[in-house]
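First comes the structure, then the notes that go with it.
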Amino acid sequence: MEFVDLVPNSLTFRIINTIDVDDESEIPADYTGRVRRYVAGSLAYVGWYRVGRLHNPGRSNPAYRRLRPDGTLKYELFYTYGELDDPAGGGPAVRGFYADSSLHYEEHYRAGKRNDAADGTPAIRKLRHDGSIRHQLHYTDGRRGLPRARRSSESAFNP
């Protein structure tokens, strides 16, 4: 079923197409808008698409949010035209949460490939329930390993 929502956007309104699906195969190949899926009466996920590919609807809003049956956030994914990518405002492309909403893991991506963040934060960090780091892994251009050394001409914000 398709809905159209009017959402306030500053002094104007944005029209948002929304479809509710029972299966991902119901999403049209070139769809632009919001997709919601309900399982057993509760919202399972919300995805935002642009021309058939997951794409963040805004700088701080992820393209995909998966929810637990009780409505708490399980994980969120930031996409740019169908590829996992750290959001422009900083932060990881992937974040997962424990049932109590505390951070469980985060992953950094650049153009669909795991990559350490611009500030040198490891591409993958998994945390214990108390917030301490359980383990972390470095990646460069999708390959696991040690971070490459910065040249003296490179700034910390533009590796």
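Just a few scattered comments:
- Applying the criterion of being touching a Phe, Trp or Tyr at 6+ places or on another chain (Cβ under 9 Å) and part of a strand (DSSP E or B) to the residues of region 108-137, the residue that is farthest from R65 (Cα to Cα) is R134.
- Residue pairs meeting the criteria (Cβ under 6 Å; at least 6 apart or on separate chains; first at positive phi and assigned to a loop (DSSP other than H, G, I, E, B), in region 96-107; second exposed (fewer than 15 other Cβ atoms within 10 Å of the Cβ) and of a type outside the set (S, T, N, Q)): none
- Region 138-159, residues that are surrounded by 15 or more Cβ atoms within 10 Å (Cβ to Cβ) and either modelled with pLDDT under 95 or in a strand (DSSP E or B) (or both): Y139, T140, P147, P159
- Hits in region 122-137 (condition: under 27 Å from L54 (Cβ atoms) and surrounded by fewer than 17 Cβ atoms within 10 Å (Cβ to Cβ)): K126, Q136, L137
- Residue in region 108-115 that is hydroxyl-bearing (S, T, Y) and closer than 29 Å to V39 by Cβ present: yes
- Residue list for region 60-81, filter: assigned to a loop (DSSP other than H, G, I, E, B) and more than 17 Å from V46 (Cβ to Cβ): Y81
- When restricted to residues that are over 12 Å from the mean Cα position of the chain (by Cα), surrounded by fewer than 20 Cβ atoms within 10 Å (Cβ to Cβ) and either at pLDDT below 95 or under 22 Å from A29 (Cα atoms) (or both), region 46-68 contains 4.
- Single residue of region 11-44 satisfying the filter (hydroxyl-bearing (S, T, Y) and more than 19 Å from T80 (Cβ to Cβ)) that is surrounded by the fewest Cβ atoms within 10 Å (Cβ to Cβ): S25
- With respect to (1) within 9 Å of the chain's Cα centre (by Cα); (2) exposed (fewer than 13 other Cβ atoms within 10 Å of the Cβ), the lone exception for S101 is condition (1).
The values are calculated or read from the model by the stated rules, or taken from the named source; none is laboratory data. Here the structure is a predicted model, which is why all the values come from computation and not from measurement. Glycine gets a Cβ as well: all are built from the backbone with ideal geometry, and neighbour counts include every protein chain shown.
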